[in-house]
Amino acid sequence: MEVRWLEDFMALARTRHFSRAAEQQHVSQPTFSRRIKLLEESMGTTLINRQTLPLSLTPAGEVFLELCERITRDVRDTRERIAALEAEASARISVGSTQGLFSHFYQGWAREAGIAERLQLNLKATSWVGEQFLDALENGECDLVLCYWHPDLPWGDRLSRDRFDWLVVAPEALVPVSVADERGEPRFRLPGTDEQPVPLIAYHNRGFLQSAIEAHMARQASSANLLPLNENTQSASIKALVKQGFGMGWLPQRMTEKSEHFGSLVRAGDERWDVPLEIRLIRLRDVRSDDLLTLWNQVERHHA
């Protein structure tokens with residue numbers, strides 16, 4: 001049974017005439033009559049008394065008319081609610097964020113800035129790596145990008161002010177961590193030696209963070225001796241491997257706070273090995289909507 005059959009029946013109940021009802025439904029009379037017959041067969045009873053002039057409804061038809069009115073009203077209301085939800089979703093501003101930032105920063109920051117209800121997270125972003133976030137902005141896949149940033153990104157010069165605009169919304173640091181031994185000391189400790197390099201769970205070199213670590217290490221007076229065992233694009237994957245004791249790794253400080261508090265992770269080196277970062281919110285300089293510019297100005301005031 002189709003909803004349009006119910007609408008046909010309601011039109012026939014109003015007009016009490018097959019030809020006029022068919023005209024209202026914009027179909028030929030034979031087609032209309034066939035649909036009414038199919039409806040009656042579907043219900044297993046006669047709904048129209050064709051022996052009266054004008055036509056009348058059978059007692060079953062009167063009951064069925066009430067059902068038709070209720071169903072079509074519910075369908076109409078549901079369509080309106082769905083349309084309103086789609087309009088609300090399309091009005092939201094799409095944001096792409098790295099998985100680590102979404103898990104440990106994005107939601108609290110958005111609520112504090114008063115913009116959480118106006119943002120829609122683009123879930124595809126959890127599979128993007130490094131420069132793909134800027135590609136997504138330029139391709140219109142998202143309106144905003146929330147990401148880590150540092151001056152040593154190999155493609156960082158792409159973020160020019162004539163093409164993009166950005167805000168630094170928070171400082172962050174990568175801290176070296178390891179599981180603890182039975183004495184509460186790090187099982188793997190920087191800087192290591194030539195004979196015993198420190199096993200490292202590293203970031204993929206296409207992401208935001210590995211180049212920051214390498215540049216920071218190069219600036220140190222004494223070098224670290226590291227043995228990379230694995231590469232990951234996600235901080236959460238590195239954290240999982242570090243917690244299982246495979247090696248040490250650098251993690252965003254916000255991601256380590258609970259683990260350090262409960263003793264499941266400890267520092268693998270002092271503060272000289274911490275890698276400074278920024279958390280940036282980025283958009284195209286030429287905004288696509290007034291709503292985006294309004295939200296941007298609100299965030300800018302919040303961080304002023």
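The values are calculated or read from the model by the stated rules, or taken from the named source; none is laboratory data. All values reported here derive from a predicted model rather than from experimental measurement. With ideal geometry, Cβ positions are generated from the backbone for all residues, glycine too; neighbour counts draw on all protein chains shown.
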Any hit, the range 8-26, residues being at pLDDT 90 or above, touching a strand residue (DSSP E or B) at 6+ places or on another chain (Cβ under 8 Å) and on the phi > 0 side of the Ramachandran plot: yes
Every pair of residues 6+ apart whose Cβ atoms lie under 6 Å, when the first sits in the range 82-109 and is farther than 18 Å from VAL299 by Cβ while the second is β-branched (Val, Ile, Thr) and modelled with pLDDT under 90: GLN99/THR126
Unmet criterion (only one of (1) touching a residue at least 40 places away in the same chain (Cβ under 8 Å); (2) under 30 Å from GLN120 (Cβ atoms)) for MET10: (2)
Verdict on PRO176 being buried (at least 19 other Cβ atoms within 10 Å of the Cβ), in contact (Cβ under 8 Å) with a residue 24 or more places away in the chain, within 19 Å of SER235 (Cβ to Cβ) and more than 22 Å from the chain's Cα centre (by Cα): yes
Members of the range 123-148 found to be touching a helix residue (DSSP H, G or I) at 6+ places or on another chain (Cβ under 8 Å) and surrounded by 18 or more Cβ atoms within 10 Å (Cβ to Cβ), listed by number: ALA125, TRP128, PHE133, LEU134, ALA136, CYS142, ASP143, LEU144, VAL145, LEU146, CYS147, TYR148
Hey, PRO171 assigned to a strand (DSSP E or B), exposed (fewer than 13 other Cβ atoms within 10 Å of the Cβ) and in the same structural domain as THR126 (by TED's automatic domain parsing) or not: yes
Qualifying residues in the range 36-62 (those that are surrounded by 14 or more Cβ atoms within 10 Å (Cβ to Cβ) and farther than 17 Å from PHE18 by Cβ) - the one modelled with the lowest pLDDT: MET43
Strands (runs of 3 or more DSSP E) wholly inside the range 204-304 that include at least 2 residues being assigned by TED's automatic domain parsing to the domain that holds GLY140 and crowded, with 21+ Cβ neighbours inside 10 Å: 249-252, 275-284
Qualifying helices (runs of 4 or more DSSP H) (wholly inside the range 25-117; at least 2 residues being among the aliphatic types (A, V, I, L, M), under 44 Å from the mean Cα position of the chain (by Cα) and outside the structural domain of ILE238 (by TED's automatic domain parsing)): 59-91
Complete set of residues in the range 180-203 that are surrounded by fewer than 16 Cβ atoms within 10 Å (Cβ to Cβ) and on the phi > 0 side of the Ramachandran plot: GLY184
Failed item in (1) part of a loop (DSSP other than H, G, I, E, B); (2) at pLDDT below 95, with ASP157 passing the rest: (1)
Residue within the range 154-164 that is buried (at least 22 other Cβ atoms within 10 Å of the Cβ) and not charged (D, E, K, R) present: no
